[in-house]
Every structure is written in structure tokens, then in C-alpha cells.
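Undergrad: Right, I'll just put the structure down here and ask away after.
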Amino acid sequence: MLFLQLIANGIIAGSVYALLGLGFGIIYSATRTFHFAHGAVYSMAGYLAFQFHVFWQIPLAVSIVLSLLAAILLGMAIEGLIYRPLRGVGASSMEILLSSLGLFILLQNFMIILWRSDPRVLPVAETIRKGISLGGIWVTSLQLIIIAISFGLWGVLLIFTQRTKMGKAIRALESDPEMTEMVGIDPAHIRFLAYGIGSALAGISAILATMDMGIDPNSGIMALLIAVIAVLVGGIGNYSGTALAGFLLGIAENMGIWKIPSEWKSSIAFGILVIFILFRPTGLLKKT
Amino acid sequence: MDYIFYILILVEIYVIVAVSLNLLMGFTGLISMAHAGFMAIGAYTTTLLITSLGMNFLLTIPLGVAIAGMVSALLALPSLRVKGEHYIIASFGLQIILYNILLNWVSLTNGPYGFSGIPRPQIFGYKFATYRSYLILASLVTCVCVFLIWRITRSRFGLILKGIREDEVAASSLGKNVNRFKVVAFVVGSSIAAVAGSLYATAISFIDPFCFTIHDSIFMLAIVIIGGTGNIFGSALGALLLISLPELLKFFQVAETVAAPLRQMIYGALLVIFMRFRPQGLLPEYRARRG
């Protein structure tokens with residue numbers, strides 16, 4: 001029973017990780033920018049939802065929409081105000097990465113000044129926080145919702161990138177930026193689109209995590225680490241691989257708690273990355 | 001006066017940190033996010049050997065360097081083999097793990113409490129008890145480290161590293177084992193950070209895991225960038241500026257809960273600004289990097 005419970009906990013954590021990975025993945029594969037500040041977009045969405053709902057007493061649904069919009073705007077503003085000018089002056093990918101790192105530090109500490117270092121939990125109705133037993137496994141309705149949202153968005157993202165014109169444009173930019181431009185797609189627009197979608201996914205995972213477990217100043221950097229590991233393990237540009245890797249990380253961490261003290265949780269994700277670097281550097285599912 | 005000596009000692013420690021990181025970033029084109037972790041290895045090795053075995057300070061330095069070297073080789077050997085940015089995330093992960101070890105392996109590291117009252121080094125019966133005398137010791141160690149790295153960058157080995165940074169394919173077509181050079185550079189640069197850690201522990205007399213977080217690693221990257229990648233004197237200047245200027249904040253009445261994040265905000269902003277407007281840093285390498 002404990003085994004099944006740990007698997008269930010792993011899938012719940014993995015649902016958030018999968019969304020994190022998908023968000024970072026779409027940005028990284030489309031723009032090849034190592035977007036460290038993604039971690040700050042994540043925390044910003046969580047903290048803003050808390051600010052709107054708890055401090056300003058705005059209804060939960062409205063707070064969620066507002067904080068998601070803010071996350072999308074922040075992501076697109078970073079692309080437009082920071083990365084785009086850098087690309088314009090011919091900065092190397094390392095220089096953009098370091099700039100993103102600086103931006104992450106700037107935003108993260110700004111949030112620490114605004115919201116202090118205490119963990120914040122977004123309050124939700126008691127009825128969906130109450131545990132229910134599914135054949136002996138305890139989960140809350142909230143956690144079932146999180147799982148459903150994660151699988152749903154994974155499906156939507158697959159359909160979007162495979163079937164729609166805009167989604168195909170993102171994949172085109174992934175494989176050949178110059179060719180994309182030649183067939184009349186403006187890479188600048190597609191990059192904005194990728195930042196918008198990726199930041200929305202970061203925002204959704206942040207809000208779900210803030211409801212379920214809460215957010216603190218360290219959450220952003222840990223979310224980023226998980227997101228990057230999911231992308232590298234799943235394979236860059238391979239969205240199903242990334243989502244599966246997210247679930248794999250969640251399950252591995254929770255199975256790990258069975259035998260290893262929980263303080264070492266964050267080391268488990270890194271261990272998985274090292275195993276993949278050693279034995280399967282192209283990722284979980286080979287890109288077709 | 002002691003306060004000024006204290007700041008100068010800190011500056012020298014960060015000169016070692018920045019110059020060794022510059023060997024990776026500026027001369028080889030590798031970014032490491034685990035530099036604070038390697039510094040921690042030196043700091044904890046020295047502290048444990050001095051306090052539990054009463055070992056001589058100077059003997060603890062090479063041991064810290066050796067351990068940091070082994071750990072960095074464990075990181076670099078697999079992750080530098082893979083093309084792309086995997087190794088950056090690997091170093092990021094290593095930094096998190098090292099921090100976890102410091103925090104959670106309580107029987108060895110004393111966990112979140114760290115160690116206080118670390119004794120000042122004693123060499124040939126002379127105890128470097130005052131800040132003034134310690135400054136002399138720190139200066140000597142710093143000079144040795146900087147000279148060593150300066151020699152490396154001027155050697156054939158250093159030239160090959162620069163060649164790899166500029167064009168990996170060309171370097172390997174000239175018969176250079178690119179990966180081996182990168183690994184060696186990574187190990188040398190990382191292990192010298194341990195020397196800075198050994199100095200830090202005995203200078204401040206207090207260490208805990210919170211001295212060596214991922215944020216400190218990023219701070220070190222900022223020093224190198226702002227000083228100028230590929231220029232050793234730039235790193236020294238960067239360390240001087242970024243260590244001493246924030247001390248000025250103390251003269252304004254800012255609460256510590258705000259001052260610490262404010263300091264970090266400033267160097268985060270500096271990273272962004274420098275990358276945009278002066279990517280070569282304050283003291284550039286001897287030629288322009290962008291056409």
C-alpha cells in the first residue's frame with residue numbers, strides 16, 4: 001500500500017514537474033535561449049496569485065487569471081526588453097545565459113524584499129483540500145485536479161505543435177531558424193509566442209504548487225532546476241519525452257523518500273540527470 | 001583599521017575565487033555554477049583537519065585542493081563529453097548537492113550550525129592572530145595562486161584552451177583532444193577555489209552552509225564578468241569592487257533583511273547591464289570580442 005501511495009504522490013509531484021518542463025522546453029527548443037529567469041517568472045506567478053487573493057481579497061478565479069496574465073507579460077517583456085536587444089548586437093548564447101542569470105537574481109531578490117522569506121500557501125476551499133480514499137490511496141480533490149490539468153495541457157500542447165500553423169512554426173524555428181525566415185515566418189513573432197506559452201505553463205504550475213504545498217523564495221530556483229532536468233532527460237524539443245521525464249522525476253523523488261531521508265530529495269533529480277548524461281545523452285525518447 | 005584589513009583579506013580571497021573561475025570562463029569558455037561548492041570543500045576540509053586533528057594549516061590546503069579536484073573531475077568527465085549546455089546544469093546540480101551535504105550530513109559538517117571559533121593558522125610557531133598578520137599570509141597565498149594561473153594562461157596549454165574557446169572544431173582538427181583539455185582546465189580552476197575556501201574559514205573563523213550557496217556561485221560569475229573575462233587583472237579589479245563597494249551600504253541605515261537582497265539585486269542588475277552594454281567587462285582581453 002505504501003508503495004502505491006508513494007507512486008500516487010510521485011504522479012502528483014510529477015504533474016507539476018511535467019508542466020514546468022514543458023514550459024521551459026518550448027522556450028528552450030524554439031529560441032535556444034537558456035532562460036534562467038523562467039524560475040523568477042514561476043515564483044512571480046505564485047506570489048502574485050497570493051497577493052491578489054489573500055492581501056487584496058480578489059476572488060480566487062480572478063486572481064489566478066490576473067497572475068497568469070502577469071506571468072505571460074513578464075516572460076514576453078523579458079524576451080522583448082532583454083534577449084532581443086542582446087541578439088541584435090550579436091551576443092553569444094553564453095552572454096544571453098549570463099544575462100538571464102542576472103535577471104533571475106534581480107527579480108528573485110526583488111520578490112524577497114516584497115514578500116519576505118516566509119512560505120506562502122494559496123488558500124482554497126476546504127472541500128477540495130480534504131483527503132479522499134481511492135482504494136486505500138489518499139489524495140485530495142485538488143491533487144486530482146492538478147493531475148487532470150497536467151495531462152490536459154500536455155495533450156493540448158501536443159495538438160498545438162503538431163496540428164496548428166503557429167505550433168508548426170515553433171517547431172520550424174526549432175529545426176532551422178534561417179529556413180523559417182525564408183518561408184515568410186517572422187522568427188521574432190514566434191519567439192514571443194514561445195515565451196508567452198512557456199510563461200503561461202510556468203504560471204500554471206506555480207499556482208497549482210502554491211495551492212498544494214506553498215511557495216517560498218527557494219521555489220523558483222528548484223523549479224528551474226527540475227524544469228531543465230526534465231527537458232534534458234526528455235530530449236530537447238521532444239514534448240512527450242519532457243512530460244514523461246517530469247513524471248519520472250516526481251515518482252523517483254517520492255520513491256526515494258521510502259529509503260532515503262527526505263532532505264536529499266533534490267539530489268535525486270540530479271542523480272537521474274547524471275545517469276542520462278552517462279547512458280542516454282539524447283534523452284528518454286529519441287527524437288523522430 | 002582592523003576593519004580595513006578584514007575587507008582586504010576578503011578581497012584577496014575573492015581574487016583567488018575570481019581568477020580561478022576566470023580560467024574556466026575567460027580562457028576555456030566554460031561556465032561553472034559550482035564554484036562556491038568547491039570553495040566550501042576547501043573551507044570544510046581545512047576546518048575539520050585543524051579542529052579535529054590539529055593539522056598544520058599549510059598542509060590542509062593541498063588536501064582541500066585534492067578533494068575539490070577529485071569532485072570536479074567526477075563532474076567534468078561525464079558531463080563535458082556531451083555537447084551543449086549539459087555541464088552547466090550538471091554543475092548547478094552539483095552545487096545543490098554539495099550544499100545539501102553541508103546542511104544534512106550533520107555528523108561530519110555540523111549541519112546548519114556550521115563551525116565557529118576556527119583557530120587562526122599557526123606556522124613555525126607563529127600564530128597569525130591579528131587581521132594585520134593574517135593579511136600578510138593571505139597576500140602570499142593569493143600571489144602564489146594568481147601567479148600559477150597567470151603562468152597557465154601564458155603557457156602552451158593556455159593557448160590551446162583559448163583555441164578551444166574560439167573554435168572547438170579547428171582545435172580538434174589540429175589533433176588536440178579538446179575534451180581532455182577542457183576537463184583538465186575545469187579541474188584546475190575548480191580545485192584552486194578550494195584554496196580560497198581554506199583561507200576564508202581561518203580568516204572569518206566561522207563557516208556554515210549558508211556561506212556557500214548557489215547565490216554565492218552566481219556572485220562569483222558576476223565578479224568575473226564585470227571585471228572582464230579572459231583578463232586576470234580584470235578579475236582582481238572585479239573582486240575589489242564587488243566586495244568593497246557593498247560595504248558602503250553599511251553606512252546607510254538599511255535593515256539587514258533588506259540589505260542582503262538589495263546587494264544581490266545590484267549585482268544581478270550589473271550582470272544584465274554589462275552583458276548588454278559592455279560584455280567584455282571593465283578590463284577587456286587584449287582585443288575586441290565583437291565586430
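Nothing in this text is a laboratory measurement; each read-out follows from the coordinates by a stated rule. Every value quoted in this text rests on a predicted model; they were computed, and no experiment measured them. As a convention, Cβ positions derive from the backbone with ideal geometry for all residues, glycine included, and neighbour counts pool all protein chains shown.
Undergrad: Dipole of segment B:2-213 (Lys/Arg Cβ +1, Asp/Glu Cβ -1, origin at the Cα centre): which of B:LEU148, B:SER52, B:VAL17 lies farthest to the positive side?
TA: B:LEU148
Undergrad: With 10 angstrom as the radius, rank A:ARG120, B:ARG151 by how many other C-beta atoms surround their C-beta, starting from the fewest.
TA: B:ARG151, A:ARG120
Undergrad: Where is the GNM fluctuation largest for chain A (alpha-carbon springs, 10 angstrom cutoff): A:GLY167, A:GLY23, A:GLY46?
TA: A:GLY167
Undergrad: What dipole magnitude, in Debye to the nearest 20, does segment A:1-146 give about its Cα centre under +1 on Lys/Arg Cβ and -1 on Asp/Glu Cβ?
TA: 40
Undergrad: My understanding is that a pair violates if its Cα-Cα distance is over 31 Å; which of B:LYS162/B:LYS250; A:LYS165/B:LYS182; A:LYS130/A:LYS265 do that in this structure?
TA: Checking Cα-Cα distances, B:LYS162/B:LYS250; A:LYS165/B:LYS182 exceed 31 Å.
Undergrad: What angle do you read, to the nearest 10 degrees and between 0 and 90, between the alpha-carbon axis of helix A:141-163 and the longest principal axis of chain A?
TA: Approximately 20 degrees, to the nearest 10.
Undergrad: Starting at the first residue of segment B:271-281, write each ³J(HN,Hα) from the Karplus equation 6.51 cos²θ - 1.76 cosθ + 1.60 with θ = phi - 60°, in whole Hz, x for Gly and Pro.
TA: 4, 4, 5, 5, 4, 7, 10, 8, x, 7, x
Undergrad: Return the average number of partner chain Cβ atoms within 10 angstrom of each residue Cβ along peptide A:215-222.
TA: Partner-chain Cβ atoms within 10 Å, mean over residues of A:215-222: 1.
Undergrad: Taking the Cα centroid of segment B:35-58 and of segment A:71-110, what is the distance between the two, rounded to the nearest whole Å?
TA: Answer, in whole Å: 38.
Undergrad: With the dipole of segment A:77-145 worked out from charges on the C-beta (+1 for Lys and Arg, -1 for Asp and Glu) around the Cα centre, which of A:ILE78, A:THR127, A:SER100 lies farthest toward the positive end?
TA: Of A:ILE78, A:THR127, A:SER100, it is A:THR127.
Undergrad: While we're here: In nm, what is the difference between 0.36 nm times the number of residues separating A:LEU81 and A:THR282 and their Cα-Cα distance?
TA: That pair, A:LEU81 and A:THR282, stretches by 69.1 nm at full extension.
Undergrad: When the Cα centres of segment B:107-139 and segment B:217-281 are compared, how far apart do they sit, in Å?
TA: Taking the Cα centre of each part, segment B:107-139 and segment B:217-281 sit 26 Å apart.
Undergrad: Quick one: putting +1 on the C-beta of Lys and Arg, -1 on the C-beta of Asp and Glu, what dipole do you get for segment A:2-279 around its Cα centre, in Debye to the nearest 20?
TA: Roughly 280 debye for segment A:2-279.
Undergrad: Sticking with this structure for a sec: Mind listing which trypsin sites (Lys or Arg not before Pro) in segment B:191-291 are in a DSSP loop and have 11 or fewer other Cβ atoms within 10 Å?
TA: B:ARG287, B:ARG290
Undergrad: Fewest to most neighbouring Cβ within 10 Å: what's the order for B:VAL17, A:VAL16?
TA: Fewest-to-most ranking of B:VAL17, A:VAL16: A:VAL16, B:VAL17.
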